[in-house]
Structures are given as structure tokens and as C-alpha cells.
Amino acid sequence: MKNEKRELIDKDGLRVDGRKKDELRPIKIMVGVLSNADGSAYIEQGKNKIIAAVYGPREVHPRHLALPDRAILRCRYHMAPFSVEERKSPAPSRRELELSKVIREALEPTVFLEQYPRTAIDLFIEVLQADGGTRCAGITIGSLALADAGIPMRDLVVACAAGKVDGQIVLDLNDIEDKEGEADVPVAMMPNLNLITLLQMDGLLTPEEFEEALNLSIEGCRRIYALQKKALKEKYISIREEVET
Amino acid sequence: MVSRIRQRQIAKLLTSGKRLDGRSLTEYREIKVEPGIIERAEGSALVHIGRTKVLAGVKVEIGEPFSDRPNEGVLTVNSEFVPLASPEFEAGPPGEESIELARVVDRGIRESKAIDLEKLCIIPGKKVFVVFIDIYVLNHDGNLIDASALAAMAALINTKIFNYELEGEEVKIKLGYTQLPVVNYPISVTFAKINDKMIVDPGLDEEEVMDARFTVTFDKNGNICAMQKGGGGTFTKEQILEAIRIGREKAEEIRRLII
């Protein structure tokens, strides 16, 4: 299996799914998809299907976790057992625990936590189907779910990965490119403040290649940010239309 | 919780390019590596960075390969924040800090292909050597990631595997040892950002007031093999690129301590 390494970029410069090097996968974002949650959002990015919900600000359980001067933000990134090729045990893996931490830290800088002392804001991200780049897509809708819950934020947070595949720097890796490619650089940022809130890398890149990948993922973030804003507006425009008619 | 006074003191010193313990912004504390101090382990090393102490032990066992990599040995990294290392640490299952640390160390070793895993195959698809790296934090005075990554690498370098011969599918252990095939030497460099100043090798007092943390790991050719941002703060693109420039030089310096 490993020996017959497939070509990830063909002679015309197109990738396994027919995309150009700097092209995003098709993205569909919806806001306010769950009636029980205070805020929620859903994304399809390639074959990724991910849903996020925010509960809070609400009472903290267990109580001793509460902070006297601000809210705590908690995040659980979780993959459904059927979301990947081989069934994933529903118990949280070490990978999921690490991602929960870095996603929380990617969103924390944007939330005015000091406005809700002694409360908890809980964000749940469930990956229903995984196709590479789930942490980034999770952050993109995580920040939308926070906004949908009406939680005051400095900016939205948007995330996108770039990486190296067949020796070339490409945008928004899918599952195959992620697994068989040479490097993956997920980036999250606050697009209006121009601040990076998540940065990870695995693989092998020269410092020059890294800079190229970083610039490309920032460019990807900007394009997804436009879709994010549109999805957020769509929900509230449709509510207004309902009210007015 | 650190006092606001301490926080202001650290931030104020940084604006004049100084730190509480007199270091420059790009200076590490004294680093000491003591390899091979646990005789029972196949490999080990104790690393001191200032008062931070991390012990890494390597055990090698025979196990099964992963089904998608039948010809390769298995590498696992685990870390323990032992309660004796800090008043903040508690006994119990590993917390997210400890899991993140182990996974960042793992990424550096794996992505730089530091161990030639194909040489650890005994019978393809059936038997391979499994290399367990266990990181034991003994005293927490900041920058556990760099200390752990260095201890893990130093331990791997002095790891020896028992010789064996095959009788059918039975592995018979023979006298003598062979060196673990280590072919790359990843080194991680960690920065803390405090009030928009980037400093290397944050001590515990600096970690307690930092806005965010950034770790970058370089292989022996100066290429980047892992990165991790931590903490609930932000970085500008320029700060990241600057950290990579400085980190690359620092990694060279530190690598000389282990090879």
C-alpha cells in the first residue's frame, strides 16, 4: 500500500480532487442550526461535515472551576465513531484532547470573558464526517456559534490550513493530502485585527516554504471569512424577513 | 496566580530588554544533559534547564506494528507531570498540558524521522520493536517542552536494543546490545510573548504572566519539523517569522550539547 505512492498533483498542476494549488474546497456554512443551543453553526468543507454548539454563559459545574473575574471558556472537540474510515472509539483520544485545548486557545483571545464573571461558556464541536482540516473548520464554526449565542467578541476567528504536497505549497489540504503529503500548517486568525490565534505544523518545511505556507493559509482565511460573515448575516436577515411579513 | 506587581515588574523590565534573572531576551538558562543515568532503562537522560528538571526514560519491547505500517517499528511518547515536581501538579490521569507536551515532543521526533523505524522491524506485519519514551517532569520551573524534547532526544541517542535471533517466528534474545538507529536530531525552541515582547526559554514566573507561547522544532538541516502555539493569546505574522529566525540559531547551539 505504502510503496505505490500515488501522484498528488498531476502534470497539469491539478490536485487529486481537481483543485488548483491555491483553491479552497467547496464550503457551505449555516448558522443557528440547533434549537436547544444558545448558538450553533454547521459547515461542510469538502467531505467534512461538522456541527458546533455553544451553551452559556451559564453556571459553572463543577463550581470550583469558576473564576471571580471572568468567564471560563471550555471546548470539546469530538469525532463521531462513524466519521472516519475505521471506527473511532467514542472515548476522547489524546489527539482530541490536544485539539480541544488548541481550539479553545484559538478562540479565547476574541471573547470578552471579563463581561461574564463566575460563568462558563461551553463550546461543543462534533465532527460527523472527517476529510482533513477538521480543527480549522471546527474553529471557523466555533466562532460563528459564539457569535450566534450573542457573546461579545473582538472579531470572528477563522481558520484554514496550507501544506506541502508533492513538493508544492497548496491550500486547504483534504484527507489524502494531509495523510500522504509532506507538511500541514493549520492557522487560525482574527481577520480584522490581523492576529494569529492558532499555529501548528507537522511535516518538514524549510523556513522559506513555511513563510509561503503561512501567507497562503492567511489568504485562505480571508476567503473563508467572507463566507463566515455571509452565513451570519443570512440567519438574521431571514429572521427579519419573517418578522416583517 | 501571580501578583499584578510581579506582572508589571516583568513587563517593565522587558521594555528595556532585561529579565528578572538578568538574561537577555534570546538567552537560555544554563542547560545540562546527563545521559544514561537509569541503568534499567534501555536509554535515559536527565536534562536541567536552570532549575527545571526533566528525566526521560526509554524502554524497548517487542510488539505488533500498526496495520498501515507493517514494516516499521512503533514510537510512543508519554509524559507524566509527577506531583513532586510542583505544588500545581496533582496525581491522576494526564491532563491536557501533559498530553499536549507529549504530542509536541512526539511530532518533532516523528516528523524529522529521528529514528529509522524501518530498522526496527523484526517480522513484517507481525513483530517489531516498540520504543516507549516516558517523560518524567521532576521539577517545574518553566519551559517544560524544550526540556522534555531535549531529554527525549538525549535518551534516544544512548538507547541500546538487545541483540536477538529468529528461530522460526520466535525471537531469541542474545548477548550484547545494538545502538538504536537515530538519524536526525530535532531540537525545539520555545518562546513566550509578554506585552508584545518575544523571549526564549520562559521561566515559571514568566510563563505565569505570558500572553501566549510558541514552540518551533528544527531538524539537523535547519528545516522546521513541528510547531505549536499555546496559551490564550495571539501573535502577529512578523513575530512568528522573527521567532523562526532566532529559533533556528538557538536550535543549532543546543544541538551541540547532545551530539
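Every read-out reported here was derived from the displayed coordinates using simple, explicitly stated rules and does not represent laboratory data. On a predicted model such as this, the values are computed, not experimentally measured, just so you know. All Cβ positions, even for glycine, are placed from backbone atoms using ideal geometry, and neighbour counts span all protein chains on display.
What Kirkwood radius, in Å to one decimal, follows from the Cα pairs of the protein assembly as shown? Result for the protein assembly as shown stands at 24.0 Å.
Taking Lys and Arg as +1 and Asp and Glu as -1, the other residues whose beta-carbon sits under 11 Å from that of B:Gly203 total -3. Within 10 Å of the Cβ of each residue in A:95-105, the mean number of Cβ atoms contributed by other protein chains is 4. Label sites at A:Asp17 and B:Glu208, each approximated as a point 7 angstrom past Cα along Cα to Cβ, lie 4.7 nm apart.
Rounded to the nearest whole Hz, the Karplus-based 3J(HN,Hα) values (6.51 cos²θ - 1.76 cosθ + 1.60, θ = phi - 60°) of the stretch A:214-227 follow the sequence 5, 4, 5, 5, 5, 4, x, 4, 4, 5, 5, 4, 4, 5, with x at glycine and proline.
Measuring between their Cα centroids, the stretch B:30-48 and the stretch A:9-85 lie 42 Å from each other.
Our helix-only sum for chain B, with -39,500 (n - 2.57) per DSSP H run of n ≥ 4 divided by its residues, gives a mean residue ellipticity at 222 nm of -8500 deg cm²/dmol. Each eigenvalue of the Cα gyration tensor of chain A, multiplied by 5 and square-rooted, gives one semi-axis; in descending order these are 32, 20, 18 Å.
Rounded to the nearest Hz, the phi-derived 3J(HN,Hα) couplings of the stretch B:101-109 under the Karplus curve 6.51 cos²θ - 1.76 cosθ + 1.60 (θ = phi - 60°) are 4, 4, 6, 6, 5, 4, 4, x, 5, where x marks glycine and proline. Entry note, chain A: the mean residue ellipticity at 222 nm calculated from DSSP H runs of n ≥ 4, each adding -39500 (n - 2.57), is -10000 deg cm²/dmol after division by the residues and rounding to the nearest 500. May I ask you to list the lysines whose Cα is less than 27 Å away from that of B:Lys119, ignoring any residue fewer than eight positions away on the same chain? Cα-Cα hits under 27 Å: A:Lys2, A:Lys5, A:Lys164, A:Lys179, B:Lys59, B:Lys127, B:Lys160, B:Lys172, B:Lys174, B:Lys220.
Neighbouring Cβ atoms from other chains, within 10 Å of the Cβ of residues in A:57-63, number 0 on average. The stretch B:113-259 gives an Rg/Rh value of 1.10, both radii derived from C-alpha positions and Rh following Kirkwood. Here the stretch A:100-245 is treated as a Stokes sphere of Kirkwood radius computed over C-alpha pairs; at 25 °C and 0.890 mPa s its diffusion coefficient rounds to 151 µm²/s. Relative contact order for chain B: 20 percent, from Cα pairs under 8 Å spaced at least 6 residues apart, divided by residue count. Counting Cβ atoms of other protein chains within 10 Å of each Cβ in B:231-242 and taking the mean gives 6. For the stretch B:46-105, GluC sites (Glu not before Pro) are listed when DSSP marks them as loop and at most 16 other Cβ atoms sit within 10 Å of their Cβ; the list is B:Glu88, B:Glu90. Maximal additional length on extending the B:Glu167-B:Ile5 stretch stands at 51.4 nm, based on 0.36 nm per residue less the C-alpha distance. Peptides B:115-122, B:210-217, A:124-131 ranked from most to least packed give B:210-217, A:124-131, B:115-122, packing being the mean of other C-beta atoms within 10 angstrom over each peptide's residues.
Other residues lying with their Cβ under 15 Å from the Cβ of A:Ile43 contribute a combined charge of +3, Lys and Arg counting +1, Asp and Glu -1.
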